[in-house]
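Here's the structure we're looking at; comments come further down.
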């Protein structure tokens, strides 16, 4: 069991109730749309061996209203500080490895892409990962046998959401490119026949749902509700929890699913419906929540309005989310019991964050965007600052071009760290590095064709 | 409601109990492995506008035992007559359209690939679909905007299994290539946010599971068991049926999942386990089966051995399967109540089959393989003939090169027709043709760049 129990009562109530959306006019050459292939990469650095990264740095892709829809990659909205921190953790781990003797002279590079929490964007990135090394254009060659093919990258860290990891893994399997996810916990990803090149540095949901059912049973809460995001992760967690609940004689009074995509027009109605259910089912005092952070935020906002007071069981992906624990009036909701992952020492990463403002932004669009957001939202504090950052779309930022006002907030980044995910991201990079070390024992890995993925 | 109820009692008992595997030495340049890209295509014909096809003509991909596994497309085994017939239905529909005035001078071509019921092989085919039109090599270009990109094919018919359709659809969505499946019924595929370019010519499982639950409730069978294949289709059907069963007060006594891939080593143990469960749970007289045909066959074989006698509720994908209804001693199993799809007039297809033996095999490897199998299994009848055909692997056929002994069996092909699937395949092609007609109203569609997918 790799899980530990965290009673999550951090409710720093720094709320200012009147919330202002500010539109500073700032310079922005960063949050650009995808015009050519290099625009598409979020952060990169060259190296003898390049590792790909897939992270949901934004929580939503912006879909145009026009019809017919076109096959074009769109801009994104909803900057996620904690996922941004994960991309930094990946970069930090690679820099540490390059500064160490682990790979003896072979340097690691990286290419990190934003999935915007959508499969389509992740598939486009994956197509680029599979493209031919050193080709003048980004092209993937169709082959019956990829044994001698040299792709652009040798391994992938990511993705965040299980649904995205699963889709991406189907494509990476063609070339058997190893993929190590620091966050996708769906049980099915352990199936080596379906996902032969998938690995992860967190435990599968099996352990978590078993622990939850056990906790619920031991606490005598045998009449509960479950709410999940309607994506592969939520659905598999629900299934897994259902089995565990049954064997612990815990009865599920209701199950509610909320649409995975924020662009889904039924989203708000369904959140209302779920809150209504919670209010009505007065016998249910415990609610298990397998949801994306963004969804928890939306649900809790409405639940607070309706004066709901329950015991909430939090799954790993939101149990330590600072943006949830710092919501105004979160304390009214009752008690949140969260499950999280074991973390390790991440002090070197905290040092890395302290020097982050000195880093150049040319090769890191996420960092550029963050700095821009810092300026836009500069005058706000904590929760409102948080909201301000996640409410800007890339389109908005691009329209506000001029006047930079750098205010660096170390404390804010540090406060948003979710240690478990940072640790598992660093672990994922190290796992790849150790595999590379094994491959490079008896060949010259400075040569990109030294080994195939 | 597009479903009709079929009480499936066709039990032509042509069994010969001693079953011989025969090894004729025959000529085979057909069932070749994938050495170059043209080997990879199963059947093709040129045309102004080319349509892709994805069908599980074989039920299994052969995985080599060696480790480490390599990124190589392998040969397949388990020739599926009824899926082979679907590929022929697609070809027949395209020929009919080309001989009609529907597209006024514009000819349709096709490129059909065998998925071998596995996602990886289907993804490889999809990669080829996405590759650039008229390029000297099969390459897919990475782009931020595919609005002006001309892919090799303009639309896809397929795939058979929902799990495969889902994965393929994720990749086709990049270029928004329309995909019309004649067989994938998983409810989730109706989600237009996830699968924007997916369509189908059969109803979603929602209608079927609702009808099943209703039938079970009306018949007073309120204590039942469910067995499903552990793939996306089985799991979604189970979920959907669970909801419908609950609202009809039908109680599910047990749920069993069997591994989707025949190459999974736990397969036989799990079949044994499921049969054991059925034998033990004496109160359960009705069993709902959401399984791939091949799995039903394996389950029933063991159930017959154990003298099981129950009422079986068959889902669309196996309710009309001839290879199941002609199993030896199938009558002992009890009653099979099957759900199937409405069919239309397929008499032109039956005429097409009559002339099939005159068709050239160069551009149709499936037909070539079938003819070869006819020779190998020539001396057997019905059920044993069926088994003989599905038990040959492509590797075996390749080893047996020489001595052709053509024995054409019209009756056999006709007996294996599952009218619902043949009809939905023809419908899928016509749906695509009508869409093309709409596109070509005001431009010259002989020019491949006349419209993008």
**Request:** Would you please state which residues of region A:147-173 a label at residue B:270 would reach in this model, taking the label point 7 Å out along Cα→Cβ and a backbone N cut-off of under 20 Å?
**Result:** A:166-167, A:170
**Complete:** Length gained, residue B:214-residue B:362, 0.36 nm per residue minus C-alpha separation, equals 48.3 nm
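Going by the alpha-carbon gyration tensor, a ≥ b ≥ c the square roots of its eigenvalues, is region A:221-286 rounded (a/c under 1.5) or, if a/c is not under 1.5, prolate (a/b greater than b/c) versus oblate? Numbers along the way, then the final one.
Details: a/c = 4.41, a/b = 1.35, b/c = 3.28.
Note, shape of region A:221-286 comes out oblate.
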**Message:** Helix B:119-130 against the longest principal axis of chain B: what's the angle in degrees, Cα atoms only, rounded to the nearest 10?
**Reply:** 20
**Prompt:** Spin-label point model (7 Å from Cα, Cβ direction): what's the residue B:283 to residue B:99 distance in nm?
**Reply:** 6.0
**Asked** Hey, can you rank B:360-369, B:234-243 by average C-beta count inside 10 Å, highest first?
**Response** B:234-243, B:360-369
**Request:** Kindly express, to the nearest 10 degrees and within the range 0 to 90, the angle between helix A:267-280's C-alpha long axis and the longest C-alpha principal axis of chain A.
**Result:** 40
**Message:** If each label sits 7 angstrom from Cα along the C-beta direction, how far apart, in nm, is residue B:36 from its counterparts in the other copies?
**Reply:** 3.5
**Prompt:** Alpha carbon centre of region B:212-234 versus region A:257-317: separation in Å?
**Reply:** 30
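With the cut-off at 1.5 for a/c, could you classify region B:31-181 from its C-alpha gyration tensor as rounded, prolate or oblate? Working shown, then result.
Values: a/c = 1.81, a/b = 1.26, b/c = 1.43.
Cα axes put region B:31-181 in the oblate bin.
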**Test item: A:187-196 mean partner chain Cβ contacts at 10 Å** = 3
**Request:** Could you state the angle between the C-alpha long axis of helix B:293-305 and the longest principal axis of the C-alpha atoms of chain B, as a value from 0 to 90 degrees rounded to the nearest 10?
**Result:** 20
**Asked** What is the antiparallel percent of DSSP beta bridges lying wholly in the protein assembly as shown, to the nearest 5?
**Response** 30
**Prompt:** Given a Förster radius of 35 Å and the C-beta distance between residue A:355 and residue A:134 as r, what FRET efficiency does 1/(1 + (r/R0)^6) yield to the nearest 0.05?
**Reply:** 0.60
**FRET E, pair residue A:66, residue A:434, Förster distance 51 Å, beta-carbon r, rounded to 0.05** = 0.60
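If a/c stays under 1.5 just call it rounded; otherwise compare a/b with b/c (prolate if a/b is bigger, oblate if not). Do that for region B:205-341, with a ≥ b ≥ c from the square roots of the Cα gyration tensor eigenvalues. Could the numbers behind the result be given before it?
Numbers: a/c = 1.39, a/b = 1.27, b/c = 1.09.
Since a/c stays below 1.5, the shape of region B:205-341 is classed as rounded.
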**Prompt:** So what's the back-of-envelope 222 nm ellipticity for chain B, counting only DSSP H runs of four-plus at -39500 (n - 2.57) apiece and dividing by all residues, rounded to 500?
**Reply:** -11500 deg cm²/dmol
**Request:** Provide an ascending nm list, one decimal, of label-point separations from residue B:190 to the equivalent residue in each further copy; define each label point as 7 Å from Cα along Cα→Cβ.
**Result:** 3.3
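With an 8 Å Cα cut-off and a minimum separation of 6 or more residues, compute the relative contact order for chain A in percent.
Numbers: 856 pairs, mean separation 115.6, N = 453.
This gives 26 percent for chain A.
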**Asked** Where does each of A:187-196, A:314-323 land if you order them by average Cβ count within 10 Å, highest first?
**Response** A:314-323, A:187-196
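How crowded by other chains is A:166-172, given as the mean number of beta carbons from other chains within 10 Å of each beta carbon? Walk me through the numbers on the way to the answer.
Working: counts 3, 7, 1, 2, 12, 9, 2.
Mean shielding count: 5.
Suppose R0 equals 60 Å; then what is the FRET efficiency for residue B:221 and residue B:441 from their Cβ-Cβ distance, rounded to the nearest 0.05? Before the final figure, lay out the partial values.
On the way: r = 53 Å, r/R0 = 0.89.
In this case the efficiency is close to 0.65.
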**Asked** Highest mean first, what order results for A:419-428, A:49-58 on Cβ atoms within 10 Å?
**Response** A:49-58, A:419-428
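Just checking the output field for A:110-120: average partner chain Cβ neighbours within 10 Å of each residue's Cβ?
Values: counts 0, 0, 0, 0, 0, 0, 0, 0, 3, 7, 8.
That works out to 2 on average.
Laboratory data are not the source of any read-out in this text; all were calculated from the coordinates shown. Source: prediction; values computed, not measured. Neighbour counts run over all protein chains shown; Cβ positions are idealised from the backbone, glycine included.
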